[in-house]
Amino acid sequence: MLKAPRSIIHLDMDAFFASVETLDNPGLRGKPVIVGGGELRGVVSAASYEARRFGVHSALPMMTARARCPQGIFLPPRMARYREVSAMIMTIFQRYTPLVEPLSLDEAFLDVTGTERLFGSAADLAATIRAQVRTEVGLTVSAGVASSKLLAKIASDRQKPDGLTVVTVGSEVDFLTPLPIAALPGVGSATMKQLELLGVRTIGDLARLPVEILVRKLGQQGSYLHEAAQGVDRRPVEAERVVKSVGNEETFAEDIVDMVRIRKELLALAVKVANRLRVQGVEARTIVLKTKYYDFVQTTRSQTLAAATADDEVLYQAGCALLTQTLAGRKPLRLMGLTAMNLLSSGRVRPALLFDGEDCRLDKRRKINQAVDQINDNFGRRTIMPATLLNE
Ligand SMILES: [Mg+2]
């Protein structure tokens with residue numbers, strides 16, 4: 001039995017990091033903005049379309065970028081901020097289907113098969129999503145619509161920036177035939193050279209080449225290329241598993257009784273868990289503390305907070321409160337674990353109300369955490385951490 005064709009949308013933010021920088025600093029609009037360096041080993045991670053005119057593109061060494069575009073505005077990456085914007089975008093995608101497969105912070109596949117009655121055709125839905133990202137986030141996203149992941153991804157790249165390309169069912173081969181082989185994902189310069197030696201310049205040329213020749217020349221990649229050139233791609237869109245909890249635990253080298261040391265270990269756990277929550281773009285409502293003693297007797301205590309959090313300090317304070325309900329300090333402690341549960345996406349967390357003191361404080365803490373994550377991203381993991389952990 002023939003299965004009905006799938007409807008897949010590939011969404012890809014335009015020059016994402018550079019666009020976020022321009023969003024946060026409108027004075028950069030229309031200028032060659034180049035984001036890179038820092039932890040990303042001295043290469044360009046994003047270039048605005050103005051910078052691309054000077055031959056600057058991602059993965060180019062920063063030195064080369066500076067030579068090609070001396071008037072460029074060079075900025076270090078602010079990963080924490082990009083993750084925050086990414087969470088907003090992914091939240092928009094998830095309004096239409098649970099089948100969202102993020103490929104990176106700024107790219108995702110959506111399987112919208114069967115949503116026509118609710119949201120119109122896949123092409124209409126792609127237009128709706130593009131408009132929502134523009135109005136709600138202030139950035140442009142290009143989209144490709146097709147019956148497979150491969151074709152949707154190739155399509156989203158055809159009319160960048162701010163473009164929408166639809167490959168209708170039945171027109172897949174016509175769409176692929178004239179495209180240069182470089183349009184196929186996974187074809188780098190080495191493969192391209194090999195294929196050019198075989199006289200292959202377009203995907204159409206590739207499709208005509210016998211698969212045996214491709215496999216002899218390129219091994220496994222040859223059979224992928226053969227299928228890809230025919231537009232064959234059966235891979236399903238795989239939604240990210242929903243994270244239910246984030247936790248860390250520590251078995252100590254020797255059992256601990258001293259409460260000062262126990263609290264210090266708890267703080268270290270809180271810092272780790274809070275950071276992992278922020279990396280995943282979620283905040284937790286419930287905190288669980290696990291303690292295990294020298295005799296392997298184990299207890300768990302939990303607390304549900306008034307507001308969701310991804311804050312080191314809040315997690316630590318909640319953990320300290322739970323610690324008073326355990327035998328820690330009275331019985332040698334062998335292991336301690338801190339788990340955050342009941343997770344909400346940060347994008348869905350209620351924005352701070354300006355006149356509410358507590359919300360204001362939480363919002364300030366969020367901004368501080370963002371700044372800390374950013375510095376740790378730029379300069380290496382543990383540049384900033386609570387002073388009590390310094391001698392760890
Ligand atoms: Mg992109």
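The values are calculated or read from the model by the stated rules, or taken from the named source; none is laboratory data. It should be emphasised that the depicted structure is a prediction, and the values quoted were computed from it without experimental measurement. Note that we place each Cβ from the backbone using ideal geometry, even for glycine, and neighbour counts take in every protein chain shown.
A few notes on this one:
- Flag for residue 357 being modelled with pLDDT of 90 or more and surrounded by fewer than 18 Cβ atoms within 10 Å (Cβ to Cβ): no
- Of all residues making up the stretch 288-331, the number that are of a type outside the set (A, V, I, L, M) and within 11 Å of residue 270 (Cβ to Cβ): 8
- Yes/no for residue 86 being within 16 Å of the ligand (Cβ to nearest atom), small (Gly, Ala, Ser) and touching a residue at least 24 places away in the same chain (Cβ under 8 Å): yes
- Qualifying residue in the stretch 248-262 (condition: within 30 Å of residue 79 (Cβ to Cβ), of a type in the set (Ser, Thr, Tyr) and not assigned by TED's automatic domain parsing to the domain that holds residue 10): no
- Test for residue 59: is it surrounded by fewer than 19 Cβ atoms within 10 Å (Cβ to Cβ), in a loop (DSSP other than H, G, I, E, B), within 16 Å of the ligand (Cβ to nearest atom) and at pLDDT below 95: yes
One line per residue, one yes/no per condition, for (1) crowded, with 16+ Cβ neighbours inside 10 Å; (2) in a strand (DSSP E or B):
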position: 10; (1), (2): yes, yes
position: 20; (1), (2): yes, no
position: 46; (1), (2): yes, yes
position: 51; (1), (2): yes, no
position: 54; (1), (2): yes, no
position: 67; (1), (2): no, no
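- Residue check for residue 365: among the basic types (Lys, Arg), in contact with a strand residue (DSSP E or B) (Cβ under 9 Å, 6 or more places away or on another chain) and at pLDDT below 70: no
- Segments classed as strands (runs of 3 or more DSSP E), wholly inside the stretch 73-140, with at least 2 members that are under 17 Å from the mean Cα position of the chain (by Cα) and not aromatic (Phe, Trp, Tyr): 100-104, 107-111
- The residues of the stretch 22-32 that are touching a residue at least 12 places away in the same chain (Cβ under 8 Å) and surrounded by fewer than 20 Cβ atoms within 10 Å (Cβ to Cβ), listed by number, are 23, 24, 28, 30, 31.
- Single residue of 91, 140, 113 found to be touching a residue at least 24 places away in the same chain (Cβ under 8 Å), surrounded by fewer than 19 Cβ atoms within 10 Å (Cβ to Cβ), under 30 Å from residue 275 (Cβ atoms) and touching a Ser or Thr at 6+ places or on another chain (Cβ under 8 Å): 91
- Test: residue in the stretch 38-47 that is in contact (Cβ under 8 Å) with a residue 40 or more places away in the chain, more than 20 Å from residue 133 (Cα to Cα) and away from the ligand (no atom under 14 Å from the Cβ): yes
- Residue check for residue 107: away from the ligand (no atom under 15 Å from the Cβ) and acidic (Asp, Glu): no
- Checked against (1) over 23 Å from the mean Cα position of the chain (by Cα); (2) β-branched (Val, Ile, Thr); (3) surrounded by fewer than 20 Cβ atoms within 10 Å (Cβ to Cβ), residue 165 passes all but a single condition, namely (3).
- Any hit, the stretch 7-19, residues being at pLDDT 95 or above, more than 15 Å from the ligand (Cβ to nearest atom) and hydrophobic (A, V, I, L, M, F, W, C): yes
- Among the residues of the stretch 39-72, just one is farther than 16 Å from residue 105 by Cβ, under 23 Å from the mean Cα position of the chain (by Cα) and of a type in the set (S, T, N, Q), namely 48.
- When residue 98 is tested against the conditions (1) touching a residue at least 60 places away in the same chain (Cβ under 8 Å); (2) away from the ligand (no atom under 16 Å from the Cβ); (3) touching a helix residue (DSSP H, G or I) at 6+ places or on another chain (Cβ under 7 Å), the lone failure is (3).
- In the stretch 225-236, the residues that are farther than 14 Å from residue 170 by Cα reach residues that are among the small types (Gly, Ala, Ser) with C-beta atoms within less than 6 angstrom, at least six apart or across chains, in these pairs: 229/207; 233/148.
- Among the residues listed as 123, 127, the single one being at pLDDT 95 or above and farther than 26 Å from residue 345 by Cα: 123
- Entirely in the stretch 224-330, the strands (runs of 3 or more DSSP E) that have 3 or more residues that are buried (at least 21 other Cβ atoms within 10 Å of the Cβ): 282-293
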